[in-house]
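Contents: one structure, followed by commentary.
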Amino acid sequence: MEEMGVPVQPPTYGNLITILSIDGGGIRGIVPATILSFLESELQKLDGKDARLADYFDVIAGTSTGGLLTAMLTSPNENNRPMFAAKDIKDFYLENGPKIFPQDSCPFAPVTKMMKTLTRPRYDGKYLHSLVKEKLGDTRLHQTLTHVVIPAFDIKRLQPTIFSTYQVKNKPSIDALLSDICIATSAAPTYLPAHYFKTVDHLGAMREFNLIDGGVAANNPTLVAISEVVEGISRGSPDFFPIKPMDYGRFLVISLGTGSPKSEERFTAHEAANWGIIGWLTSGGSTPLVNVFTQASADMVDLHLSVVFQALHSENSYLRIQDDTLSGPVSSVDIATKKNMNDLVKVGERLLKKPVSRVNLETGIFEPLNQETNEEALKRFAKLLSEEKGLRLARSHHGRTHLANSPTSSTA
C-alpha cells in the first residue's frame, strides 16, 4: 500500500490515462454521488481508508451539478487533501438541496412556478452562491489536486468556455476562482441566473465572463475531457507517454449520468406540435427545452465513445453508468424534498445492481451489454486504478524516494 498525499503521478510513468466524468442534472447529482461513494470505498479496501478519488484520476470532468461534484472531490483542504470524501457528498446534497431549490408547499405552487419561469429564473441562486463561496474560498482553478475540466457557456461570445487546468498555463485568463466556475456551470437557463465575473492575469489583462450552464454545450463532458488530454499529447507535454492522439485504447474512462425520464414520460411530436414558448418551458412540470438539449448531447457523446472503444477492442476500458427509467419527481432537476432526495439515493443504489448498458440511438433506450453489473464493473475498475497508481509511484522519483527512505530498504 502506498502513501496517500503523494500527488498523482503523471501518465508517462504508467500504462493508462484515467478519466472520471460527471454529467449535469441539478438535484439528481445525488445519483452519481452515491455511485462515487461506492467506487471510493472499493479503492479504500485496496489502498487504505485515506484513499480519495483525486488520487487515481488524471482528470475529473463535470458539468453543472457534476462541476460542483468535481470541485468537491479535487479542492484542497488545509492539509492539501480533497475537501470532501465521496461518502460525504450525499449528505451535502441532502442538507443543502432544499435551500438551493426551496420548495413551495402552497396548493398553487405549480402555477406560481410556471409564471415565475416566464419572467425570471425559478430560483435566485443566493444560497448556492454563498455556500459555494464559503466552501471553496479563494481556491483557483490551478490549485485543484488533479486536473479538472468544467464546461460553461458564454452567452455574450455565444461559444463554450472550458475551464481546464491543462490550459491555465497558455490561457491564464481562465484561472478563475473555483467558486465562480461552479456557480457559472450550474446556471441552468430558467432555473438559476446567469453568472458574471472577470479575471485579471499576471500581466494585468482583464477578461469578462458572461456564463450559463455548461450543459448547453456539453452536459456529458467526457469527450471534452478526452479532447483536453489529446491536445496535451499533441503538444508534446512531458506528462504523457508518446502515443497516437486517437489511441483511445490507453484511456480508462468512467462516465456517470444523473438519470433521465423513462420513455413513457417523454413527449410526442403530437404533444409538442403546438407548443409555443410556454409549452417548451413548462410542459409536464419540467422544462422540455432544457431536457432536450442536455439529453441529446449526453447520449451523442456516449454513442461516439462506445463506437470508438469497441472499434479499438477496448470496450472494457469505458464504463458509462446511466439510468433512463426515472419516473415522477426523481426525474426532476429541482424537487429537493426530503423524500425525493432519499429516493434519488435509492436510484443510485439500484443502479449499482443493474447491468452495464449502452444507449441504443434507434430506440433511445439503454440496453444491457452483458451480465456484468455496474457494481461489478466498478470493482474491476477500482482494481485497475489501484494497480495503475502503484505502477506510477514505483516508476517515479516519488516512488524511488519513498523506497530509499523506507526503514526496510538496504543501503550500499
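Largest accessible area first, the listed residues L158, L36, L94, L312 line up as L158, L312, L94, L36 when surface is computed with a 1.4 Å probe on the assembled protein chains.
May I ask you to order 43-53, 230-240 by the average number of other C-beta atoms within 10 Å around their residues, highest value first? Let's see the in-between values first.
Details: 43-53: 17.7, 230-240: 14.7.
Highest to lowest by the protection proxy: 43-53, 230-240.
Approximating the spin labels as points 7 Å out from Cα along Cα→Cβ, the E349-to-K133 distance works out to 3.7 nm. Ligands, DNA and RNA left out, the accessible area of the stretch 27-186 computed with a 1.4 Å probe is 52% carbon and sulfur. V132 contributes an accessible area of around 10 Å² to the protein surface, as traced by a 1.4 Å probe with all chains present.
Can you give the FRET efficiency for I155 and R207, using 1/(1 + (r/R0)^6), R0 = 22 Å, r = Cβ-Cβ distance, to the nearest 0.05?
Numbers: r = 15 Å, r/R0 = 0.69.
Calculated transfer efficiency: 0.90.
The Cα center of the stretch 341-355 and the Cα center of the stretch 1-77 differ in position by 19 Å. Accessible surface calculations at 1.4 Å, restricted to protein heavy atoms, place the stretch 299-345 at 41 Å² per residue. A simple spin-label model places the labels of K198 and D88 3.6 nm from each other, with each point 7 Å out along Cα-to-Cβ. Per-residue surface analysis assigns S357 an accessible area of about 20 Å², computed on protein heavy atoms at 1.4 Å probe radius. Judged by the mean number of other Cβ atoms found within 10 Å, the most tightly packed of the peptides 209-218, 375-384, 121-130 leads the ranking 209-218, 375-384, 121-130. With 0.36 nm allotted per residue and the present C-alpha distance subtracted, the N342-H313 stretch has 6.6 nm of extension available.
Between N274 and L303, the distance separating the two model label sites (each 7 Å from Cα on the Cα→Cβ line) works out to 3.1 nm.
The values are calculated or read from the model by the stated rules, or taken from the named source; none is laboratory data. Here the structure is a predicted model, which is why all the values come from computation and not from measurement. Cβ atoms come from the backbone with ideal geometry, glycine included; neighbour counts cover every protein chain shown. Note: accessible area is taken over every heavy atom of the protein model, side chains too, but ligands, DNA and RNA are not part of it. Shrake-Rupley method; radii C 1.70, N 1.55, O 1.52, S 1.80 Å.
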